[in-house]
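Here the structure is laid out as structure tokens; the discussion comes afterwards.
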Amino acid sequence: MGRAYEVRKASIQKTGAAKAKLYSTYAKEIYLAAKKGIPEIESNVLLKRLVEKAKKEQVPGDIIHRAIEKAKGAGAEDYETVIYEGFGPGSSTLIIKTLTDNVNRTVGFVRAAFNKVHKSLGVTNSVSYNYDYLAIISVKSEREEEIFNALVEEGIDLIDFENENGEIIITVKPTEHNKVKDVLEKLIPDVTYELDEEGMYPKDKVTLTGEDLETFQKLYKMLDEIEDVTEIYHNVDLES
């Protein structure tokens, strides 16, 4: 259950982060989903799923409503997802996902965080080749065989399919993410997702101690405080 555990752990850590940042991130993502498609929840599947996920994370309805209404107006804010890769203390590495309307501002903040601990950013794929980019979806259901067969019949390439105490955990490539949800929602119209995440998972982890661990924690905290940063992935084992 390593990957599923990592997702759960990340979700728990999010609840301790500043709510204002969480709300801001969802507002941007909902705005983009509404702007790129039809700005109506029932007519835009991607928007509907994002709104459902936001509600599960207790994002207030008025924030969701304002983001959708904003997308209906004239003009547009050009948010884009930008990924940065960096080297931390010891053998640690980090992948920083951002959602920004000003790349120069964002990279300046991210680079400054690394500089403050005398570490550096890397080029594209200098770190990410040691990570797997995966989507993990799970639901509580006793229809394991039926779900498995339906996914296979749709031609979905399953990386992992497990049943943990009645919870079906499905791991696929992110390109298959929405296909899996289409199958699940067809089989279980009122399905509730226990997990619904995409992320970067390290192929191997490292253990840090002493000054290296303190430096890593300081770097992580500075990156997490940057408003444009939405996710931070790393290869440090913080459980040992």
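Quick notes on this structure:
- Percent RCO, i.e. relative contact order, over the chain, from Cα pairs under 8 Å lying at least 6 residues apart: 21 percent
- Per residue accessible area in Å² of the stretch 122-198, where ligands, DNA and RNA are left out and the probe is 1.4 Å: 55 Å²
- With helices as the sole contributors, the chain gives -14000 deg cm²/dmol at 222 nm; each DSSP H run of n ≥ 4 counts as -39500 (n - 2.57), and the sum is divided by every residue.
- Annotation for the stretch 94-200: trypsin sites (Lys or Arg not before Pro) lying in DSSP loop with at most 16 further Cβ atoms inside 10 Å of their Cβ are Arg143.
- DSSP-defined beta bridges in the chain - what % are antiparallel, rounded to 5: 95 percent
- Span-rule helices in the chain, defined as complete DSSP H runs reaching 15 Å or more along the axis (Cα) with Kyte mean at least 0.0: 103-116
- Maximal additional length on extending the Ile188-Phe87 stretch stands at 32.0 nm, based on 0.36 nm per residue less the C-alpha distance.
- Principal axis analysis of the Cα atoms in the stretch 81-240 yields extents of 53, 38, 25 Å, listed in decreasing size.
- Full-stretch length increase - Asn104, His65 - with 0.36 nm per residue and alpha-carbon distance subtracted: 11.1 nm
The values are calculated or read from the model by the stated rules, or taken from the named source; none is laboratory data. Every value quoted in this text rests on a predicted model; they were computed, and no experiment measured them. With ideal geometry, Cβ positions are generated from the backbone for all residues, glycine too; neighbour counts draw on all protein chains shown. Accessible surface is based on the protein model in full, side chains and every heavy atom, while ligands, DNA and RNA are left aside. Shrake-Rupley method; radii C 1.70, N 1.55, O 1.52, S 1.80 Å.
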